[in-house]
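First up is the structure itself, then whatever we jot down about it.
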Amino acid sequence: MEQISRTSIQAKAFEFALLELIYSKRDSFQPLWSIDSWAKFLIWLSLNCGLSGEKESLEMFAKAMGSPLTSRMRKIFFERALEDLSLHVMADPAEAQVLIMPIALDKRINDNDVVQALERIGLSDKVSLSSAAWERHDSIVSIPWNVKSDI
């Protein structure tokens, strides 16, 4: 039982540290909301783990991180929670659309809040601000990217 607790505590501490690292550094890698920003973050992380920038070293880093952890990190890297608007934004440029969801299950999303959220996080020039281009699915709004050039 003690080993399970120790392992669980270590895993939670690692996840907390990783989340905080992503939250504090993700806006440093330009251009935001691009595959390039994600690649730059991974290269930076690899270099800070003591690896070189050589292709073989970066491949070793990716393999060591593993797909589940890398996928979780990518999700965190490309999502934002705007508590004051009660909106959650998922904007991975590898996906076809940006998804806007309410944080509170009973909240109805209004168009003005969506536009405000997109402007605040720097997506207003990458997606249509016109609700005519949006699709609504129950409580989720999906917005297509303007351009797919950096995917």
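The values are calculated or read from the model by the stated rules, or taken from the named source; none is laboratory data. Everything numeric in this text was worked out from a predicted model, so none of it was measured. With ideal geometry, Cβ positions are generated from the backbone for all residues, glycine too; neighbour counts draw on all protein chains shown. Remember, those area values only see protein heavy atoms, side chains included, never the ligands or the DNA or RNA. Shrake-Rupley method; radii C 1.70, N 1.55, O 1.52, S 1.80 Å.
To keep it simple, each residue is scored yes or no on (1) within 15 Å of Ala39 (Cα to Cα); (2) touching a strand residue (DSSP E or B) at 6+ places or on another chain (Cβ under 9 Å); (3) at pLDDT 95 or above.
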position: Glu59; (1), (2), (3): yes, no, no
position: Glu79; (1), (2), (3): no, yes, yes
position: Val89; (1), (2), (3): no, yes, yes
position: Asn110; (1), (2), (3): no, no, no
position: Ser131; (1), (2), (3): no, yes, no
position: Asp138; (1), (2), (3): no, no, no
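Please work out which residue is most open to solvent (accessible area, probe 1.4 Å), limiting yourself to region 4-54 and to residues that are in contact with a Leu (Cβ under 7 Å, 6 or more places away or on another chain) and part of a helix (DSSP H, G or I).
Ile43
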